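*Asks:* Shown below is the structure under consideration.
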Amino acid sequence: MRINADFSRRVVVRFDDSDWVPSPMPGVERKMLDRIGAEVARATSIVRYAPGSTFSAHTHDGGEEYLVLDGTFCDEHGAFPVGSYVRNPPTSRHTPSAPDGATILVKLHHFDPADRTEVHVDTAARDAPRLPLFSDSREDVAIERWAPGAEVSIDAPGGMEVFVLEGGFAEAGDTLRRWDWLRLPPGTATKAKAGADGARVWVKSGHLVHVPADA
């Protein structure tokens, strides 16, 4: 399966215009933002767990990174409420569940195979114009708050993803709102303008130059 698999192209996926796709587990659905592979895939998705749903135990050979958008996401390592940002590195294993339901933004199989760094940040408990979540030689991940009407210069030599958590912004003629996703290819230089209510966005940059050539 290949969805938005050309990382040299700019992509916009609007939450309201994309469909939920059932996963192999009852009660777990996905909106696929990009994907290379079948059930085990390099992928970016919004995943919705119905109350009481679970996913079978599995190992993340390529790592997993997620941000809880709604509800509480659980596994044997804890209960992660809205705003929790978690990085489970390659070789990590867990059994996800959502007793009361949950929605997460998740990325799979994009880690350096040697990465063993675990991260857990409660972003709901911290408010700042820029909240760093993770940074290494390959990528930078943060949550940014853009003031109403602010013009934001974007320089993305290594590519960038921007996911709207609150508010919205305009870029290159497109307007993005809550839970919309923008992917900019390596070498992009552009400007975004926050809407009247400002914008709170999850931003990941630098990582798209590390996509394998045969992906």
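The values are calculated or read from the model by the stated rules, or taken from the named source; none is laboratory data. This is a predicted model, so every value here is computed, not measured. Here Cβ is always computed from backbone atoms with ideal geometry, including for glycine, and neighbour counts include all displayed protein chains.
*Asks:* If I filter the range 82-89 for residues that are of a type in the set (D, E, K, R), outside any strand (DSSP E or B) and either within 15 Å of the chain's Cα centre (by Cα) or surrounded by fewer than 20 Cβ atoms within 10 Å (Cβ to Cβ) (or both), do I get at least one hit?
*Replies:* Residues of the range 82-89 of a type in the set (D, E, K, R): 87.
So of that shortlist, the ones also outside any strand (DSSP E or B) come out as none.
Scanning the range 82-89, I find no residue that is of a type in the set (D, E, K, R), outside any strand (DSSP E or B) and either within 15 Å of the chain's Cα centre (by Cα) or surrounded by fewer than 20 Cβ atoms within 10 Å (Cβ to Cβ) (or both), so the answer is no.
*Asks:* Looking only at the range 120-130, decide whether some residue is modelled with pLDDT of 95 or more and in contact with an Asp or Glu (Cβ under 9 Å, 6 or more places away or on another chain).
*Replies:* Yes, the conditions are met somewhere in the range 120-130.
*Asks:* Check the range 109-119 and report whether any residue there is β-branched (Val, Ile, Thr), under 17 Å from the mean Cα position of the chain (by Cα) and surrounded by fewer than 20 Cβ atoms within 10 Å (Cβ to Cβ). I'd like the intermediate steps shown before the answer.
*Replies:* Taking the range 109-119 and keeping what is β-branched (Val, Ile, Thr), we get 117, 119.
Imposing the further condition that a residue be under 17 Å from the mean Cα position of the chain (by Cα) reduces the set to 119.
So of that shortlist, the ones also surrounded by fewer than 20 Cβ atoms within 10 Å (Cβ to Cβ) come out as 119.
The answer is yes; a qualifying residue exists.
*Asks:* Now, a different point. Scan the range 149-161 and give yes if some residue there is closer than 19 Å to Ala43 by Cβ, touching a His at 6+ places or on another chain (Cβ under 9 Å), aliphatic (A, V, I, L, M) and surrounded by 17 or more Cβ atoms within 10 Å (Cβ to Cβ), otherwise no. Talk me through it step by step, then tell me what you get.
*Replies:* Taking the range 149-161 and keeping what is closer than 19 Å to Ala43 by Cβ, we get 159-161.
Applying the additional criterion that residues be touching a His at 6+ places or on another chain (Cβ under 9 Å) yields 159-161.
With aliphatic (A, V, I, L, M) added as a condition, the list becomes 160.
Add one more test, that the residue is surrounded by 17 or more Cβ atoms within 10 Å (Cβ to Cβ), and what stays is 160.
There is at least one residue in the range 149-161 that is closer than 19 Å to Ala43 by Cβ, touching a His at 6+ places or on another chain (Cβ under 9 Å), aliphatic (A, V, I, L, M) and surrounded by 17 or more Cβ atoms within 10 Å (Cβ to Cβ).
*Asks:* I would also like to ask the following. If Ala170 satisfies every condition in (1) closer than 18 Å to Arg183 by Cα; (2) of a type outside the set (Val, Ile, Thr); (3) over 18 Å from the mean Cα position of the chain (by Cα); (4) assigned by TED's automatic domain parsing to the domain that holds Ser92 but one, which is the exception?
*Replies:* (4)
*Asks:* Moving to a separate point now. With the requirement that a residue be under 24 Å from His207 (Cβ atoms), modelled with pLDDT of 85 or more and not aliphatic (A, V, I, L, M), what does the range 55-74 give you? If you could, list the steps in order and put the result at the bottom.
*Replies:* Taking the range 55-74 as the starting set, the residues that turn out to be under 24 Å from His207 (Cβ atoms) are 58-69, 73.
With modelled with pLDDT of 85 or more added as a condition, the list becomes 64-69, 73.
Within the range 55-74, Glu64, Glu65, Tyr66, Phe73 qualify.
*Asks:* Is it fair to say Pro26 is without any contact (Cβ under 8 Å) to a residue 40 or more places away in the chain, buried (at least 17 other Cβ atoms within 10 Å of the Cβ), outside any strand (DSSP E or B) and not acidic (Asp, Glu)?
*Replies:* no
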